[in-house]
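See structure below.
The values are calculated or read from the model by the stated rules, or taken from the named source; none is laboratory data. Bear in mind the structure is a predicted one, so any value in this text is a computation, not a measurement. All Cβ positions, glycine included, derive from the backbone under ideal geometry; neighbour counts span all protein chains shown. Note: areas computed on protein heavy atoms with side chains; ligands, DNA, RNA excluded. Shrake-Rupley method; radii C 1.70, N 1.55, O 1.52, S 1.80 Å.
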Amino acid sequence: MVSSTLFTCILTSAVLGQVGSAKPLAKRLDNGLGKTPALGWNTWNAGQCNFATAAKALQAADLFDSLGLKALGYNYINIDDCWSNKARNSSGYLVADPARWPNGMKAVADSLHAKGLKLGLYGDSGTQTCAGYPGSQGYEDKDAKTLASWGVDYWKYDNCATPGGNSQPRYEKMRDTLLSSGRPIFYSLCNWGRDNVWTWGGKVGNSWRITDDNFNSWSYVASIAARGATIAQYGVPGGFNDWDMMQISNGKLNAGEERAHMGLWAIGKSPILLGMDLSKISSSSLAIVKNKALLAINQDPLGKPATTFRPSGAAAPSASALYPYWAGPLSDGVVIGLVAADSAATLTVKFADVPGLGAGTFSWTEVYSGKTGSGTSVSAQLALHDMAVFKVVK
Ligand code: GLA
(Lines give C-alpha, C1' and ligand atoms only; values in the text may rest on other atoms or scores of the structure.)
Protein backbone atom coordinates (compact mmCIF):
# COMPACT_ATOMS: atom_id res chain seq x y z
CA MET A 1 0.00 0.00 0.00
CA VAL A 2 2.76 2.39 0.99
CA SER A 3 4.73 1.63 -2.14
CA SER A 4 1.71 1.96 -4.42
CA THR A 5 0.92 5.35 -2.86
CA LEU A 6 4.52 6.41 -3.39
CA PHE A 7 4.41 5.18 -6.98
CA THR A 8 1.24 7.21 -7.57
CA CYS A 9 2.84 10.30 -6.08
CA ILE A 10 5.84 9.95 -8.37
CA LEU A 11 3.62 9.50 -11.40
CA THR A 12 1.40 12.38 -10.36
CA SER A 13 4.35 14.70 -10.01
CA ALA A 14 5.75 13.46 -13.33
CA VAL A 15 2.54 14.52 -15.06
CA LEU A 16 2.47 17.78 -13.15
CA GLY A 17 6.20 18.19 -13.63
CA GLN A 18 5.33 19.84 -16.95
CA VAL A 19 3.86 22.67 -14.92
CA GLY A 20 6.83 22.97 -12.60
CA SER A 21 9.36 22.99 -15.43
CA ALA A 22 7.90 25.97 -17.31
CA LYS A 23 10.67 28.45 -17.88
CA PRO A 24 9.61 32.04 -17.40
CA LEU A 25 10.03 34.12 -20.52
CA ALA A 26 12.71 36.76 -20.30
CA LYS A 27 10.33 39.43 -21.53
CA ARG A 28 6.58 39.29 -22.00
CA LEU A 29 4.36 41.47 -24.14
CA ASP A 30 3.09 44.17 -21.81
CA ASN A 31 0.34 46.19 -23.44
CA GLY A 32 -1.74 46.06 -20.27
CA LEU A 33 -4.33 43.78 -21.89
CA GLY A 34 -5.45 40.20 -21.47
CA LYS A 35 -4.74 39.88 -17.75
CA THR A 36 -7.60 37.39 -17.78
CA PRO A 37 -8.74 35.44 -20.86
CA ALA A 38 -10.74 37.43 -23.43
CA LEU A 39 -14.52 37.00 -23.32
CA GLY A 40 -16.60 37.84 -26.35
CA TRP A 41 -18.13 36.72 -29.61
CA ASN A 42 -16.71 36.21 -33.10
CA THR A 43 -18.50 36.14 -36.46
CA TRP A 44 -16.71 33.19 -38.06
CA ASN A 45 -18.38 30.11 -36.57
CA ALA A 46 -21.71 31.92 -36.58
CA GLY A 47 -21.85 32.73 -40.28
CA GLN A 48 -18.38 32.96 -41.88
CA CYS A 49 -18.15 35.87 -44.36
CA ASN A 50 -21.88 36.59 -44.18
CA PHE A 51 -21.60 37.82 -40.61
CA ALA A 52 -18.74 40.30 -41.19
CA THR A 53 -21.07 43.30 -41.31
CA ALA A 54 -21.95 46.37 -39.27
CA ALA A 55 -25.48 45.07 -38.92
CA LYS A 56 -24.32 41.82 -37.31
CA ALA A 57 -21.81 43.61 -35.06
CA LEU A 58 -24.45 46.06 -33.83
CA GLN A 59 -27.04 43.31 -33.42
CA ALA A 60 -24.51 41.35 -31.35
CA ALA A 61 -23.96 44.40 -29.16
CA ASP A 62 -27.70 44.66 -28.51
CA LEU A 63 -27.90 40.94 -27.79
CA PHE A 64 -24.94 41.14 -25.39
CA ASP A 65 -27.18 43.47 -23.39
CA SER A 66 -30.53 41.76 -23.72
CA LEU A 67 -29.17 38.23 -23.18
CA GLY A 68 -27.24 39.36 -20.10
CA LEU A 69 -23.85 38.48 -21.56
CA LYS A 70 -22.37 41.93 -21.12
CA ALA A 71 -23.22 41.96 -17.43
CA LEU A 72 -21.17 38.77 -17.07
CA GLY A 73 -18.06 40.28 -18.66
CA TYR A 74 -18.41 39.33 -22.33
CA ASN A 75 -17.13 42.44 -24.06
CA TYR A 76 -15.32 41.74 -27.34
CA ILE A 77 -17.30 41.75 -30.58
CA ASN A 78 -14.81 40.33 -33.04
CA ILE A 79 -15.24 40.53 -36.80
CA ASP A 80 -13.41 37.72 -38.56
CA ASP A 81 -12.44 37.31 -42.22
CA CYS A 82 -14.08 39.14 -45.17
CA TRP A 83 -14.71 42.61 -43.72
CA SER A 84 -12.51 44.60 -46.14
CA ASN A 85 -12.55 45.42 -49.80
CA LYS A 86 -10.71 42.89 -51.95
CA ALA A 87 -8.15 45.58 -52.82
CA ARG A 88 -6.28 48.19 -50.79
CA ASN A 89 -6.79 51.84 -51.76
CA SER A 90 -4.30 53.64 -53.99
CA SER A 91 -2.24 54.65 -50.92
CA GLY A 92 -2.02 51.04 -49.74
CA TYR A 93 -4.52 51.24 -46.88
CA LEU A 94 -7.18 48.66 -46.07
CA VAL A 95 -10.73 49.79 -46.80
CA ALA A 96 -13.79 48.56 -44.92
CA ASP A 97 -16.18 47.21 -47.57
CA PRO A 98 -18.86 49.94 -47.83
CA ALA A 99 -21.54 47.36 -48.59
CA ARG A 100 -20.83 45.75 -45.20
CA TRP A 101 -19.89 48.92 -43.26
CA PRO A 102 -22.04 51.68 -44.76
CA ASN A 103 -20.90 54.25 -42.18
CA GLY A 104 -17.33 53.01 -42.02
CA MET A 105 -15.57 50.99 -39.36
CA LYS A 106 -14.97 53.84 -36.92
CA ALA A 107 -18.72 54.46 -36.57
CA VAL A 108 -19.17 50.85 -35.44
CA ALA A 109 -16.23 51.06 -33.03
CA ASP A 110 -17.68 54.29 -31.58
CA SER A 111 -21.07 52.73 -31.18
CA LEU A 112 -19.66 49.64 -29.41
CA HIS A 113 -17.48 51.79 -27.16
CA ALA A 114 -20.51 53.88 -26.20
CA LYS A 115 -22.11 50.64 -24.96
CA GLY A 116 -19.00 49.67 -23.00
CA LEU A 117 -18.01 47.03 -25.55
CA LYS A 118 -14.92 46.51 -27.71
CA LEU A 119 -14.37 45.87 -31.40
CA GLY A 120 -12.07 43.19 -32.80
CA LEU A 121 -10.90 42.79 -36.39
CA TYR A 122 -9.10 40.05 -38.26
CA GLY A 123 -6.08 40.15 -40.55
CA ASP A 124 -3.34 37.93 -41.85
CA SER A 125 0.44 37.82 -41.69
CA GLY A 126 0.73 36.73 -45.34
CA THR A 127 -0.33 38.37 -48.58
CA GLN A 128 -3.97 37.26 -48.29
CA THR A 129 -6.37 36.22 -45.58
CA CYS A 130 -7.65 32.65 -45.61
CA ALA A 131 -10.74 33.83 -47.52
CA GLY A 132 -8.68 35.81 -50.06
CA TYR A 133 -8.83 39.38 -48.71
CA PRO A 134 -5.70 41.56 -48.42
CA GLY A 135 -3.10 40.39 -45.91
CA SER A 136 -0.74 42.66 -44.00
CA GLN A 137 2.61 41.37 -45.27
CA GLY A 138 4.58 44.49 -46.22
CA TYR A 139 1.77 46.74 -44.95
CA GLU A 140 2.11 46.15 -41.21
CA ASP A 141 2.69 49.83 -40.32
CA LYS A 142 -0.18 51.09 -42.41
CA ASP A 143 -2.54 48.47 -41.04
CA ALA A 144 -1.64 49.11 -37.40
CA LYS A 145 -2.22 52.84 -37.96
CA THR A 146 -5.55 52.12 -39.60
CA LEU A 147 -6.68 49.95 -36.70
CA ALA A 148 -5.68 52.60 -34.16
CA SER A 149 -7.42 55.37 -36.15
CA TRP A 150 -10.66 53.39 -36.24
CA GLY A 151 -10.50 52.59 -32.52
CA VAL A 152 -10.07 48.83 -32.94
CA ASP A 153 -9.39 46.99 -29.67
CA TYR A 154 -8.43 43.46 -30.73
CA TRP A 155 -6.51 42.12 -33.72
CA LYS A 156 -6.61 38.44 -34.69
CA TYR A 157 -3.68 37.73 -36.98
CA ASP A 158 -3.91 34.66 -39.21
CA ASN A 159 -1.32 32.59 -41.06
CA CYS A 160 -2.58 32.03 -44.65
CA ALA A 161 -0.68 32.88 -47.88
CA THR A 162 2.65 33.32 -46.12
CA PRO A 163 6.11 32.74 -47.57
CA GLY A 164 6.47 29.77 -45.17
CA GLY A 165 9.29 29.25 -42.74
CA ASN A 166 9.16 30.17 -39.07
CA SER A 167 6.11 32.33 -38.37
CA GLN A 168 7.60 34.01 -35.28
CA PRO A 169 9.28 36.96 -37.06
CA ARG A 170 6.06 37.78 -38.93
CA TYR A 171 4.13 37.84 -35.67
CA GLU A 172 6.82 39.94 -33.97
CA LYS A 173 6.75 42.49 -36.76
CA MET A 174 3.04 43.09 -36.27
CA ARG A 175 3.50 43.20 -32.48
CA ASP A 176 6.01 45.99 -32.87
CA THR A 177 3.82 48.02 -35.18
CA LEU A 178 0.78 47.55 -32.93
CA LEU A 179 2.84 48.70 -29.94
CA SER A 180 3.83 51.86 -31.77
CA SER A 181 0.32 52.52 -33.12
CA GLY A 182 -0.64 54.70 -30.16
CA ARG A 183 -3.55 52.47 -29.09
CA PRO A 184 -3.49 49.42 -26.82
CA ILE A 185 -4.73 46.61 -29.07
CA PHE A 186 -5.20 43.04 -27.82
CA TYR A 187 -3.02 40.90 -30.07
CA SER A 188 -4.40 37.43 -30.86
CA LEU A 189 -1.93 35.16 -32.68
CA CYS A 190 -3.55 32.66 -35.03
CA ASN A 191 -0.75 30.50 -36.43
CA TRP A 192 -2.69 27.34 -35.55
CA GLY A 193 -0.16 26.18 -32.95
CA ARG A 194 2.71 26.08 -35.43
CA ASP A 195 6.35 26.63 -34.45
CA ASN A 196 5.61 25.76 -30.79
CA VAL A 197 3.97 29.16 -30.51
CA TRP A 198 3.26 28.61 -26.79
CA THR A 199 7.01 28.86 -26.09
CA TRP A 200 7.23 32.40 -27.53
CA GLY A 201 3.61 33.56 -27.72
CA GLY A 202 3.83 35.29 -24.35
CA LYS A 203 6.41 37.77 -25.53
CA VAL A 204 4.53 38.46 -28.74
CA GLY A 205 0.80 38.33 -28.08
CA ASN A 206 -2.02 38.27 -25.55
CA SER A 207 -3.21 34.88 -26.77
CA TRP A 208 -2.13 32.28 -29.29
CA ARG A 209 -4.09 29.54 -31.01
CA ILE A 210 -2.72 26.11 -30.09
CA THR A 211 -4.30 24.01 -32.88
CA ASP A 212 -6.05 24.12 -36.21
CA ASP A 213 -9.66 25.24 -36.17
CA ASN A 214 -12.26 23.93 -33.72
CA PHE A 215 -14.41 22.51 -36.49
CA ASN A 216 -17.85 21.68 -35.30
CA SER A 217 -17.75 18.23 -33.67
CA TRP A 218 -16.94 16.59 -30.35
CA SER A 219 -13.68 15.12 -31.68
CA TYR A 220 -12.20 18.61 -32.18
CA VAL A 221 -13.29 19.73 -28.71
CA ALA A 222 -11.67 16.63 -27.20
CA SER A 223 -8.41 16.82 -29.14
CA ILE A 224 -7.94 20.56 -28.55
CA ALA A 225 -8.43 20.07 -24.81
CA ALA A 226 -5.96 17.16 -24.86
CA ARG A 227 -3.36 19.45 -26.45
CA GLY A 228 -4.22 22.24 -24.00
CA ALA A 229 -3.46 20.00 -21.03
CA THR A 230 0.11 19.43 -22.20
CA ILE A 231 0.97 23.14 -22.49
CA ALA A 232 -1.07 24.62 -19.66
CA GLN A 233 2.03 26.02 -17.99
CA TYR A 234 2.48 28.65 -20.69
CA GLY A 235 -0.72 30.52 -19.84
CA VAL A 236 -0.27 33.45 -17.46
CA PRO A 237 -2.01 36.81 -16.94
CA GLY A 238 -1.34 38.84 -20.10
CA GLY A 239 -0.92 35.82 -22.41
CA PHE A 240 -3.04 32.67 -22.65
CA ASN A 241 -3.29 29.58 -24.81
CA ASP A 242 -6.23 30.10 -27.19
CA TRP A 243 -8.17 26.87 -27.69
CA ASP A 244 -10.18 28.52 -30.52
CA MET A 245 -13.71 29.83 -30.77
CA MET A 246 -16.71 28.11 -29.24
CA GLN A 247 -19.07 25.76 -31.09
CA ILE A 248 -21.81 25.83 -28.46
CA SER A 249 -25.34 26.15 -29.89
CA ASN A 250 -24.13 25.34 -33.41
CA GLY A 251 -26.11 22.12 -33.78
CA LYS A 252 -23.44 19.44 -33.39
CA LEU A 253 -22.87 19.06 -29.64
CA ASN A 254 -25.37 17.69 -27.15
CA ALA A 255 -25.97 19.40 -23.82
CA GLY A 256 -23.37 17.33 -21.99
CA GLU A 257 -20.79 17.99 -24.71
CA GLU A 258 -21.56 21.71 -24.50
CA ARG A 259 -21.00 21.59 -20.73
CA ALA A 260 -17.64 19.90 -21.35
CA HIS A 261 -16.68 22.36 -24.11
CA MET A 262 -17.41 25.34 -21.88
CA GLY A 263 -16.01 23.69 -18.75
CA LEU A 264 -12.70 22.67 -20.32
CA TRP A 265 -12.16 26.03 -22.03
CA ALA A 266 -13.03 27.85 -18.82
CA ILE A 267 -10.74 25.92 -16.49
CA GLY A 268 -7.99 25.78 -19.15
CA LYS A 269 -8.05 29.62 -19.13
CA SER A 270 -8.75 29.84 -22.83
CA PRO A 271 -10.40 32.92 -24.25
CA ILE A 272 -14.12 32.24 -24.55
CA LEU A 273 -15.25 33.68 -27.86
CA LEU A 274 -18.81 32.58 -28.50
CA GLY A 275 -19.44 31.40 -32.05
CA MET A 276 -23.19 30.98 -32.42
CA ASP A 277 -25.78 33.19 -34.09
CA LEU A 278 -26.74 34.99 -30.89
CA SER A 279 -30.23 35.70 -32.19
CA LYS A 280 -30.87 31.95 -32.30
CA ILE A 281 -29.10 30.69 -29.17
CA SER A 282 -31.02 27.98 -27.36
CA SER A 283 -31.95 28.57 -23.73
CA SER A 284 -29.95 25.54 -22.56
CA SER A 285 -26.82 26.75 -24.40
CA LEU A 286 -27.34 30.25 -23.06
CA ALA A 287 -27.43 28.91 -19.51
CA ILE A 288 -24.13 27.12 -20.12
CA VAL A 289 -22.27 30.14 -21.49
CA LYS A 290 -23.76 32.35 -18.77
CA ASN A 291 -22.67 30.11 -15.90
CA LYS A 292 -21.47 32.71 -13.42
CA ALA A 293 -19.39 30.41 -11.24
CA LEU A 294 -17.62 28.96 -14.27
CA LEU A 295 -16.90 32.39 -15.76
CA ALA A 296 -15.47 33.46 -12.40
CA ILE A 297 -13.11 30.47 -12.56
CA ASN A 298 -12.06 31.42 -16.10
CA GLN A 299 -11.55 35.04 -15.04
CA ASP A 300 -9.82 34.26 -11.75
CA PRO A 301 -7.04 36.84 -11.27
CA LEU A 302 -4.46 34.14 -10.55
CA GLY A 303 -4.75 33.16 -14.23
CA LYS A 304 -3.31 29.67 -13.85
CA PRO A 305 -4.72 27.12 -16.32
CA ALA A 306 -5.91 23.78 -14.98
CA THR A 307 -4.30 20.68 -16.38
CA THR A 308 -4.66 16.93 -15.98
CA PHE A 309 -3.63 14.99 -12.90
CA ARG A 310 -3.61 11.27 -12.27
CA PRO A 311 -5.62 10.01 -9.30
CA SER A 312 -4.51 6.82 -7.59
CA GLY A 313 -5.68 3.82 -9.56
CA ALA A 314 -6.51 5.75 -12.75
CA ALA A 315 -4.98 4.97 -16.14
CA ALA A 316 -2.12 7.25 -17.21
CA PRO A 317 -2.95 10.28 -19.38
CA SER A 318 -1.80 10.32 -22.98
CA ALA A 319 -0.84 13.52 -24.78
CA SER A 320 -3.34 13.00 -27.60
CA ALA A 321 -6.53 11.81 -25.88
CA LEU A 322 -8.87 13.72 -23.63
CA TYR A 323 -8.22 12.72 -20.01
CA PRO A 324 -11.00 12.65 -17.41
CA TYR A 325 -9.23 14.26 -14.44
CA TRP A 326 -8.33 17.96 -14.34
CA ALA A 327 -7.35 20.40 -11.59
CA GLY A 328 -5.84 23.82 -11.18
CA PRO A 329 -5.26 26.49 -8.57
CA LEU A 330 -7.55 29.48 -8.04
CA SER A 331 -6.85 32.59 -6.02
CA ASP A 332 -9.38 31.32 -3.47
CA GLY A 333 -9.35 27.55 -3.87
CA VAL A 334 -8.88 24.79 -6.39
CA VAL A 335 -10.94 23.79 -9.42
CA ILE A 336 -11.49 20.13 -10.27
CA GLY A 337 -12.90 19.08 -13.64
CA LEU A 338 -14.24 15.58 -14.27
CA VAL A 339 -15.14 14.66 -17.85
CA ALA A 340 -16.57 11.37 -19.11
CA ALA A 341 -14.15 11.29 -22.03
CA ASP A 342 -14.69 7.76 -23.36
CA SER A 343 -17.81 6.33 -21.76
CA ALA A 344 -20.58 7.18 -19.34
CA ALA A 345 -18.98 6.93 -15.92
CA THR A 346 -19.14 7.75 -12.26
CA LEU A 347 -15.88 9.56 -11.66
CA THR A 348 -14.56 10.02 -8.15
CA VAL A 349 -11.46 11.78 -6.90
CA LYS A 350 -10.08 11.90 -3.40
CA PHE A 351 -8.91 15.36 -2.43
CA ALA A 352 -5.73 13.72 -1.14
CA ASP A 353 -4.85 13.01 -4.81
CA VAL A 354 -5.58 16.52 -6.07
CA PRO A 355 -2.69 18.96 -6.56
CA GLY A 356 -3.18 21.93 -4.24
CA LEU A 357 -5.51 20.06 -1.86
CA GLY A 358 -4.37 17.02 0.14
CA ALA A 359 -5.54 15.19 3.22
CA GLY A 360 -8.37 16.95 4.94
CA THR A 361 -11.97 17.98 4.57
CA PHE A 362 -12.94 20.58 1.99
CA SER A 363 -16.17 22.25 0.90
CA TRP A 364 -17.19 22.15 -2.74
CA THR A 365 -19.74 23.52 -5.19
CA GLU A 366 -20.47 21.92 -8.55
CA VAL A 367 -20.97 24.80 -10.97
CA TYR A 368 -23.57 23.30 -13.32
CA SER A 369 -25.90 21.67 -10.79
CA GLY A 370 -25.24 24.17 -7.99
CA LYS A 371 -24.88 21.23 -5.59
CA THR A 372 -22.68 21.82 -2.58
CA GLY A 373 -21.09 19.56 -0.02
CA SER A 374 -18.03 18.88 2.04
CA GLY A 375 -15.86 15.86 2.64
CA THR A 376 -12.66 14.20 1.49
CA SER A 377 -13.66 13.48 -2.13
CA VAL A 378 -16.03 14.45 -4.94
CA SER A 379 -17.91 12.25 -7.33
CA ALA A 380 -19.97 12.80 -10.47
CA GLN A 381 -22.21 10.44 -12.39
CA LEU A 382 -21.80 11.54 -16.00
CA ALA A 383 -23.24 10.58 -19.37
CA LEU A 384 -20.75 10.13 -22.21
CA HIS A 385 -18.79 13.39 -22.78
CA ASP A 386 -20.54 15.28 -19.99
CA MET A 387 -18.52 17.21 -17.43
CA ALA A 388 -18.75 18.36 -13.83
CA VAL A 389 -16.69 21.26 -12.51
CA PHE A 390 -16.12 21.58 -8.77
CA LYS A 391 -14.86 24.64 -7.02
CA VAL A 392 -13.21 23.45 -3.81
CA VAL A 393 -12.33 25.66 -0.84
CA LYS A 394 -10.84 24.95 2.57
C1 GLA B 1 -8.53 30.39 -40.45
C2 GLA B 1 -8.64 30.61 -38.94
C3 GLA B 1 -10.09 30.67 -38.56
C4 GLA B 1 -10.83 31.75 -39.35
C5 GLA B 1 -10.63 31.54 -40.83
C6 GLA B 1 -11.14 32.72 -41.65
O7 GLA B 1 -8.97 29.13 -40.79
O8 GLA B 1 -7.96 29.60 -38.25
O9 GLA B 1 -10.23 30.90 -37.18
O10 GLA B 1 -10.33 33.00 -38.95
O11 GLA B 1 -9.25 31.38 -41.16
O12 GLA B 1 -10.92 32.57 -43.02
Output the pairs from 252/280; 203/292; 56/292; 27/145; 145/203; 35/391 with a Cα-Cα distance over 23 Å in this structure; if there are none, say none.
203/292; 56/292; 27/145
Å² per residue, accessible surface of the stretch 289-394 at 1.4 Å
42 Å²
From DSSP H assignment alone, runs of 4+ in the chain each adding -39500 (n - 2.57), the sum over residues rounded to the nearest 500 puts [θ] at 222 nm at -8500 deg cm²/dmol
At the level of C-alpha centres, the distance separating the stretch 77-110 and the stretch 204-245, in angstrom, is 29 Å
Assigning unit charges at the beta carbon (Lys, Arg +1; Asp, Glu -1) and nothing else, what dipole magnitude in debye, to the nearest 20, does the stretch 22-298 show about its Cα centre?
480 debye
Mind giving me the FRET efficiency for residue 216 and residue 71? R0 is 30 Å, r the Cβ-Cβ distance, nearest 0.05 is fine.
0.60
For the chain, what are the DSSP H helices with axial Cα length of 24 Å or more and mean Kyte-Doolittle hydropathy of at least 0.0?
2-20
Sorted by chain and then number, the residues having a modelled amide H within less than 5 Å of the amide H of residue 128, at least 5 places away or on another chain, are 135
Taking R0 as 56 Å and r as the Cβ-Cβ distance between residue 381 and residue 145, the FRET efficiency 1/(1 + (r/R0)^6), rounded to the nearest 0.05, comes to 0.50
Percent of accessible area on the chain owned by carbon and sulfur, 1.4 Å probe?
54 percent
Note down the nm distance, to one decimal, between modelled labels 7 Å out along Cα→Cβ at residue 27 and at residue 180.
1.4 nm
Report, by chain and number, residues whose modeled amide H sits under 5 Å from the one on residue 186, excluding near sequence neighbours (fewer than 5 apart, same chain).
154, 155
Using 15 Å as the cut-off for backbone N distance, which residues of the stretch 35-75 belong to the label zone defined by a point 7 Å from the Cα of residue 296 along Cα→Cβ?
72-73
Please give, to one decimal in nm, the separation of the simple spin-label points placed at residue 282 and residue 315, each 7 Å out from Cα toward the Cβ.
2.9 nm
With a bin width of 10 angstrom, please list the P(r) values of the chain as percents of all Cα-Cα pairs, from the 0 bin to the one holding the largest distance.
5, 24, 33, 23, 11, 4, 1, 0
In this structure, the FRET efficiency calculated for residue 359 and residue 196 from their beta-carbon separation, with R0 = 45 Å, to the nearest 0.05, is 0.75
